[in-house]
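> Can you read through this structure? Questions will come right after.
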């Protein structure tokens, strides 16, 4: 990341992640299709990684299956837990970047 040490990073408001975050905040309960289909230029693989990172850091949680798990047409439904106006770049508990592979916060 460019800039001076200690500088706060403000995410680009037109990036794919920022646009996905806006949809997640608006819906509160969502599926991956809910955040990929209405957004042009958002890759489904990037959406999966973004949601996995949010789940890992306790910002979003798996809520239920829409349909029967493993059957065609069923999908995971997620629920927003930690609603912030700006797209999260750091975990609220462990203070690591959202992209960190493991949350060192509360177990």
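> So, in region 52-81, how many residues would count as being out of contact with any strand residue (DSSP E or B) (no Cβ under 7 Å at 6 or more places or on another chain), at pLDDT 90 or above and surrounded by fewer than 16 Cβ atoms within 10 Å (Cβ to Cβ)?
Qualifying residue count, region 52-81: 1.
> To continue, here is another question. Restricting to region 29-46, name every residue that is more than 14 Å from residue 17 (Cβ to Cβ), assigned to a loop (DSSP other than H, G, I, E, B) and touching a residue at least 24 places away in the same chain (Cβ under 8 Å).
Residue satisfying the conditions is 31 alone.
> I want to confirm something. Restricting to region 37-51 and keeping residues that are surrounded by 18 or more Cβ atoms within 10 Å (Cβ to Cβ) and within 12 Å of the chain's Cα centre (by Cα), which single residue is nearest to residue 89 (Cα to Cα)?
Of everything passing the filter in region 37-51, 50 is nearest to residue 89 (Cα to Cα).
> For residues in region 47-83 being part of a loop (DSSP other than H, G, I, E, B) and touching a residue at least 12 places away in the same chain (Cβ under 8 Å), which is farthest from residue 27 (Cα to Cα)?
Checking each candidate, the answer is 57.
> Continuing with the same structure: Can you give me the number of residues within region 84-99 that are in contact (Cβ under 8 Å) with a residue 40 or more places away in the chain and over 14 Å from residue 25 (Cα atoms)?
3
The values are calculated or read from the model by the stated rules, or taken from the named source; none is laboratory data. If you're wondering where the values come from, they're calculated on a predicted model, not measured in any experiment. No Cβ is skipped: glycine too gets one built from the backbone with ideal geometry, and neighbour counts run over all protein chains shown.
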